[in-house]
Amino acid sequence: MKMKKIMLCGIAAILSCAAIAQDEAKNDSVKGFQFTTIDSLAITPVKNQKNAGTCWSYSGLSFLESEVLKKTGKVYDFSEMFVISKTYLDRAEKSVRTHGDVSFAQGGSFVDVFYCLRNYGLIPDSEMPAGVMYGDTLSNHSELSAMTDPIVKAAASARKLQFSPDGEPLWKKSLRAVHEVYLGKVPETFTYEGKTYTPMSFAASTGLNPDDYVSITSFTHHPYSTGANKGKGFVIEVQDNWRWGESLNLELDDFMQVIDDAIKAGYTVLWGGDVSEDGFTRDGLAVYPDMEAPDAPGADQARWLRLDRSAKGKELSEKPLPQKKVTAEERQRGYDNFETGDDHGMHLFGIAKDQEGNLYYLIKNSWGVTGKYDGIWYMTPEFARAKTLNYVVNKNAISKAIRAKYGI
């Protein structure tokens, strides 16, 4: 009886060790990231900007759609093409007035979305959907730009312009006509849910107020918006900020704190920054690894530099890596040497953590339902700290202390 009991205990121990070994083998075989959502705010479905440099419109309207969702619970799908059409015409006019010193391009900034909201209104996507003018459901502005760029260039370089009898420059009439062919005609009135609206009355009906929002940045080549400079911002010097919109300049830690406070308070953030880094992978990660850490993928720099971006992205996606927390001086250097620019706009709507407890921001992209996470990116705070150019947030999302410090 005693021998039998010992044998049973021995068998149990062997089975237990086998189970532990099996679990360890299973854990060793797990690669990549396992994310757990901590906080996720309401957003509308992911869209696809396709072949058009119009992330600023897609992300900006996604942000406004979430603002209405939070305020009223109502779901809207605003027309990106309406905002794009109005913005392209305005940018063309400024390019002509400055004889081409202001570039004419598909890019834009978040200020364009809020300028449109204030001055032109909004319309539902059903009134002016993407691609409909050429039998598609997605944008392709390559041919559009090939048509409109020469018109703007010719007008900007002309010694004297011709005008129609109603006083409008002929180049502008021509440009509007091309836009109508490719983007659709901007409606003067339309019916939505049984009511007739103009773009301005429709925008007013949503409850959105452009005065509720502020653009925020953090750089050292201008004074912070404190002290004698309290409440004063500056124009971020990038080409797509052609309306010369100003952003308040916060100290770096406060700059990051506002993002965290906004999510905790139930407000999403309209994010703009640089995505040209190797750490911004094409399958849903935005990481800023410390390349000097012992287990960094770039520890063998010669090998790392030989890899193409796809291979680098695959390696960065294998496991969580130590992240580098940049200083204000390092962040400024990235901007000054053109490593940090206005590449892309996206919509930040939540916070998650990986299997090691590291935090990430949830980011809605506008590249379609693609990648490992169906169009959602996971961005480390360190990436945001280093590569954010600016963001827009509802003023009510900012703590009283920071609002008082910066005159918001």
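Every read-out reported here was derived from the displayed coordinates using simple, explicitly stated rules and does not represent laboratory data. Quick caveat, the model's predicted, so the values are computed rather than measured. Heads up, the Cβs are rebuilt from the backbone with ideal geometry, glycines too, and the neighbour counts pull from every protein chain shown.
A compact table of results
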{"read-out": "Dipole magnitude of the chain about its Cα centre (Cβ charges: Lys, Arg +1; Asp, Glu -1), debye to nearest 20", "value": "500"}
{"read-out": "Cβ charges +1 (Lys, Arg) and -1 (Asp, Glu), total dipole of segment 277-352, debye", "value": "200"}
{"read-out": "Full-stretch length increase - LYS195, LYS264 - with 0.36 nm per residue and alpha-carbon distance subtracted", "value": "21.2 nm"}
{"read-out": "Ellipticity estimate at 222 nm from DSSP helix runs (n ≥ 4, -39,500 (n - 2.57)) divided over the chain, nearest 500", "value": "-12500 deg cm²/dmol"}
{"read-out": "Relative contact order (%) - the chain, alpha-carbon pairs under 8 angstrom, separation at least six", "value": "22"}
{"read-out": "Highest to lowest packing among 51-63, 225-237, scored as the average C-beta count within 10 Å", "value": "51-63, 225-237"}
{"read-out": "Residues LYS185 and SER164, FRET efficiency given R0 of 22 Å [Cβ-Cβ distance, rounded to 0.05]", "value": "0.75"}
{"read-out": "FRET efficiency for ASP290 and HIS221, using Cβ-Cβ distance with R0 set to 25 Å, rounded to 0.05", "value": "0.45"}
{"read-out": "Label-point separation in nm, ALA302 to VAL75, each point 7 Å along Cα→Cβ", "value": "5.6"}
{"read-out": "Spin-label proximity, GLN257 to segment 222-243 - amide N less than 20 Å from point 7 Å beyond Cα toward beta carbon", "value": "223-233"}
{"read-out": "FRET efficiency, LYS230 to ARG282 (Cβ-Cβ, R0 45 Å, nearest 0.05)", "value": "0.60"}
{"read-out": "Fully extended contour minus Cα-Cα distance, from GLN34 to ASN209, at 0.36 nm per residue", "value": "59.1 nm"}
{"read-out": "Peptides 96-103, 151-158, 121-128 ordered by average Cβ neighbours within 10 Å, highest first", "value": "121-128, 151-158, 96-103"}
{"read-out": "Order by protection proxy (mean Cβ within 10 Å, highest first), peptides 105-118, 309-322", "value": "105-118, 309-322"}
{"read-out": "Which of VAL186, LEU170, ALA203, positive extreme of dipole for segment 158-240 (C-beta unit charges)", "value": "LEU170"}
{"read-out": "For segment 198-239 and segment 343-404, distance of Cα centres in Å", "value": "19"}
{"read-out": "Given charges at Cβ of Lys, Arg, Asp, Glu: the chain dipole, positive-most of GLY341, TRP244, GLY131", "value": "GLY131"}
{"read-out": "Segment 345-396: relative contact order in percent, alpha carbon pairs under 8 Å with at least 6 residues between", "value": "27"}
{"read-out": "Approximate spin-label separation PHE338-ALA401, in nm, with each point projected 7 Å along Cα-to-Cβ", "value": "4.1"}
